[in-house]
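The values are calculated or read from the model by the stated rules, or taken from the named source; none is laboratory data. These figures come from a predicted structure and were not determined experimentally. Please note: Cβ atoms are built from the backbone with ideal geometry, for glycine as well, and neighbour counts cover all protein chains shown.
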Amino acid sequence: MNYFRSQVTIKKIRMTSRLEVELSGVRLKNPVIPASGTFGFGEEFAQLYDLNLLGALAFKGTTREARYGNPLPRIAECGRYGMINAVGLQNPGVDHVLQKELPRLRTLFQGPVIANVSGFSLDDYAYTCEQLDKADGVSILEVNISCPNVHNGGMAFGTDPKAAADVTHTVKAVTHKPVYMKLSPNVTDIAAIARACEKAGADGICLVNTMLGMRIDIHRRKPVIANRYGGYSGAGIFPIALRMVNQVAKATQLPIIGCGGIESAEDVVEMMMAGATAVEIGAANLTQPLACKNIIDRLPELLNELKINDINDIIGIV
Ligand SMILES: Cc1cc2nc3c(=O)[nH]c(=O)nc-3n(C[C@H](O)[C@H](O)[C@H](O)COP(=O)(O)O)c2cc1C
C-alpha cells in the first residue's frame, strides 16, 4: 500500500472507531439507533440509504399475538414541535416477526438488532421474550413498559416501581440476552422506577417513550385522535427527556439509551453528555426520513469542532 492510501485507511479507521460505543457487550459502530415504531422493520428506509451505517436498529414493538392497533385517526401533527400518535402497538405478532420480518431485516441490516417487546401481562412479556431469546439475529431485548396507547398494559407497568421490577424479573428469567427496560416519562419520580429495574436485574435502561398529550380540532369540536389522548414525541420533549436521562444516570450504574426529541448531531452530543451511551431517534424519521443518516454523517465533524477525540469521553460528564 502506498503512503497516501495507508493514511486514508488510518483516517477511516479512526473516523469509525471514535464513534464506536458498547451496550452490555454489544458493539455499535456509532451511537445512533432508529427508535421502535418509527422505522418499521427497515424496509422503507433501505430504499433511501444503506441501513448498515446505523449503530443499531430497534424494530416495531412486538406482542405475543398480532394486533390491529387503535381506530383512525391516530396521528395529530404538532408542527415543528413534534407529533402525537396513538397507533396502539399494531404489529403482526412475535411468530410472524421471527419467521418473516426478522429474516428480511437481516438481509438489509447486519448490525445489532434491538427487539422491542410489549405485553398486557407478565405471561405475555415472558412468552414473547422467550421466543425472541432464541433468535440469532437479535442482540438486545428492549422491554416497553411505557406505551401510553393501550389499556390494561404498557404504561401501567412503567409507572409503578414494583410493577416495573416484576416485569424485569420475569423477562430476565427467560433470556440470556441483555435486557433494557424502556421507561415512561409520565411519572413524577423516574429515578425510583429506574432503580427498581436495576435492582431486579435489568442490564440497561432506555428512556423516554412518549408523553401523554392531546389536540382538539376546533372546527369539529372533537379530539383530533380517535382515542382522545396519545403519545407526544418529537422536538418539544427533548428538554424533558434530557432531564430524565440525567436523573437516571445519576441514580443508577446502568447504561442508558437516551431517546426523545433528538433531531441533530448536536442533540446526540447533548444527550450523551447527560448520561446516554447511545441514542434513539423517533419522530424525526417520520418528518425527515434521512435524519439518522444525516446525524451520523455530521457527527465526526461536530466532534472535531467540539475537540472531542472519542465520543465515549463525553458520556455522563454533566
Ligand atoms: C408512530 C410511533 C410509534 C411508536 N411505537 C413504539 C413502539 O412500538 N414501541 C416503543 O417502545 N415505542 C414506540 N414509540 C416511541 C418511540 O420509540 C420513542 O420512544 C418516542 O417517540 C420518543 O422519541 P422521539 O421524540 O424521538 O420520537 C413510537 C413512537 C411513534 C411516534
Test for residue 187: is it buried (at least 18 other Cβ atoms within 10 Å of the Cβ) and either under 24 Å from residue 243 (Cβ atoms) or touching a helix residue (DSSP H, G or I) at 6+ places or on another chain (Cβ under 6 Å) (or both): yes
How many of the residues making up the range 27-37 are out of contact with any strand residue (DSSP E or B) (no Cβ under 6 Å at 6 or more places or on another chain) and away from the ligand (no atom under 14 Å from the Cβ)? 3
Condition first: in a loop (DSSP other than H, G, I, E, B), of a type in the set (Val, Ile, Thr), under 21 Å from the mean Cα position of the chain (by Cα) and within 14 Å of the ligand (Cβ to nearest atom). Can you find one or more residues in the range 181-201 that meet it? no
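Results for (1) under 28 Å from residue 192 (Cα atoms); (2) within 12 Å of the ligand (Cβ to nearest atom), shown as yes or no for each residue.
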{"residue": "226", "(1), (2)": "no, no"}
{"residue": "268", "(1), (2)": "yes, yes"}
{"residue": "284", "(1), (2)": "no, yes"}
{"residue": "288", "(1), (2)": "no, yes"}
{"residue": "295", "(1), (2)": "no, yes"}
Of all residues in the range 212-245, which are hydrophobic (A, V, I, L, M, F, W, C), in contact (Cβ under 8 Å) with a residue 40 or more places away in the chain and in a strand (DSSP E or B)? 212
Of everything in the range 71-100 that's within 11 Å of the ligand (Cβ to nearest atom) and either among the polar types (S, T, N, Q) or within 19 Å of residue 123 (Cα to Cα) (or both), which residue is modelled with the highest pLDDT? 85
Given (1) in a loop (DSSP other than H, G, I, E, B); (2) closer than 21 Å to residue 147 by Cβ; (3) modelled with pLDDT of 95 or more; (4) of a type in the set (A, V, I, L, M), where does residue 48 come up short, assuming only one miss? (2)
Out of (1) out of contact with any strand residue (DSSP E or B) (no Cβ under 8 Å at 6 or more places or on another chain); (2) within 16 Å of the ligand (Cβ to nearest atom), what's the single condition that is false for residue 210? (1)
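Please enumerate the residues belonging to the range 244-266 that are within 14 Å of the ligand (Cβ to nearest atom) and of a type in the set (Val, Ile, Thr).
Within the range 244-266, 245, 256, 257, 262 meet the criteria.
Residue 222 - would you say it is more than 18 Å from residue 159 (Cα to Cα) and of a type in the set (D, E, K, R)?
yes
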Selection from the range 111-121 of residues that are under 23 Å from residue 257 (Cβ atoms) and either of a type in the set (Ser, Thr, Tyr) or over 18 Å from the mean Cα position of the chain (by Cα) (or both): 118
